[in-house]
Amino acid sequence: MFPIGDDNSDRTITPYVNYLIIALNVLVFLFLQGMSGDNVFTYSYATVPAEILTGRDVVTDAKVLTDPYTGQHVTIPGLGPTPSPVYITLLTSMFMHGGIAHIAGNMLYLWIFGDNIENAIGHRRYLFFYLLCGIIASLSHVFATKLLGQNPLIPSLGASGAISGVLGAYILLFPRRRVTMLFIRFITHVSAFWAIGIWILFQLINGLGMLGGSDAGDVAYAAHLGGFIAGMVLIKFFVPRKVAYGG
């Protein structure tokens with residue numbers, strides 16, 4: 001089940017900041033990442049927990065691993081040099097993605113939910129809110145990596161953390177807003193509370209799996225949860241007084 005639209009009947013402004021963010025993500029993916037084929041750029045500008053924790057750039061060599069069952073050789077790219085200061089990757093990483101499915105899913109959520117938040121708080125506030133949520137989400141992943149004893153050299157990237165902040169704001173401002181969902185072959189309408197609630201439940205389940213020591217894959221669930229909480233908390237400081245909660 002995933003969203004394909006929501007009610008925009010009360011939108012009064014053109015959400016050009018949201019459009020600009022989406023366009024920037026797509027352009028970076030196509031031309032700077034080479035549709036995730038340019039490992040040099042990706043592994044230089046992604047967020048590496050070890051770099052953020054120490055403040056020092058980490059450069060590693062590529063490794064060739066052999067699958068013990070198939071004998072196939074797989075090359076794992078090394079970390080490239082990052083422009084100083086390394087903390088710039090907290091920003092650059094939120095505009096990069098690991099593949100077509102990754103960017104398509106993220107941009108779909110941003111397209112559906114981001115315009116409502118921009119309409120509620122204005123263009124400049126929305127831009128600052130989005131970037132701040134993304135930075136907090138990345139830091140959540142960094143500190144979770146440290147606390148859980150995971151490999152601090154694995155880079156993370158993607159707009160998921162910032163978009164999680166948008167979802168956190170959305171569920172607080174518009175819990176009853178109608179969201180159109182595609183479920184297998186059927187289209188149904190549910191409230192934002194349920195649409196986003198299903199998403200956050202999925203993040204919690206997978207995050208608990210990571211906390212329990214099981215393999216949670218390459219997804220930074222701590223960033224998703226950190227961004228979501230940040231969005232719920234921060235939106236109270238960004239929303240104008242004239243905007244009512246619970247719409």
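Which of the trypsin sites (Lys or Arg not before Pro) across segment 1-71 are loop residues per DSSP, with 16 or fewer other Cβ within 10 Å?
Working: sites: R11, R56, K63; in loops: R11, R56.
Answer by residue number: R11, R56.
Taking only DSSP H segments of four or more residues, each worth -39500 (n - 2.57), what value at 222 nm results for the chain once the sum is divided by all its residues, to the nearest 500 deg cm²/dmol?
Details: 9 runs with 128 residues, N = 247.
Calculated at 222 nm, the ellipticity per residue is -17000 deg cm²/dmol.
Extent of segment 2-238 along each principal axis, from alpha carbon coordinates, in Å, largest to smallest?
Result, largest extent first: 54, 40, 34 Å.
Could you work out the longest stretch of the chain that avoids the chymotrypsin sites (Phe, Trp or Tyr not before Pro) located in DSSP loops with at most 16 other Cβ atoms within 10 Å?
Values: sites that count: Y69, Y245.
Excluding the exposed sites themselves, the longest stretch runs over 70-244.
Say a paramagnetic label sat at a point 7 Å from the Cα of L24, along Cα to Cβ; which residues of segment 37-60 have their backbone N under 20 Å from it?
Counting backbone N atoms under 20 Å from the label point, the list is 41-48.
Stick to Cα atoms and the Kirkwood definition of Rh, then tell me Rg/Rh for segment 125-210. Present the calculation step by step, with values, prior to reporting the outcome.
Numbers: Rg = 15.3 Å, Rh = 14.7 Å.
Taking Rh as the inverse mean 1/r over Cα pairs, Rg/Rh reads 1.04.
Taken together, the values in this text are just the output of simple stated rules run on the coordinates, not laboratory data. This one's a predicted model, so the numbers in the text were calculated from it and none came from an experiment. Reconstructed Cβ throughout: ideal geometry from the backbone, glycine too, with neighbour counts over all protein chains shown.
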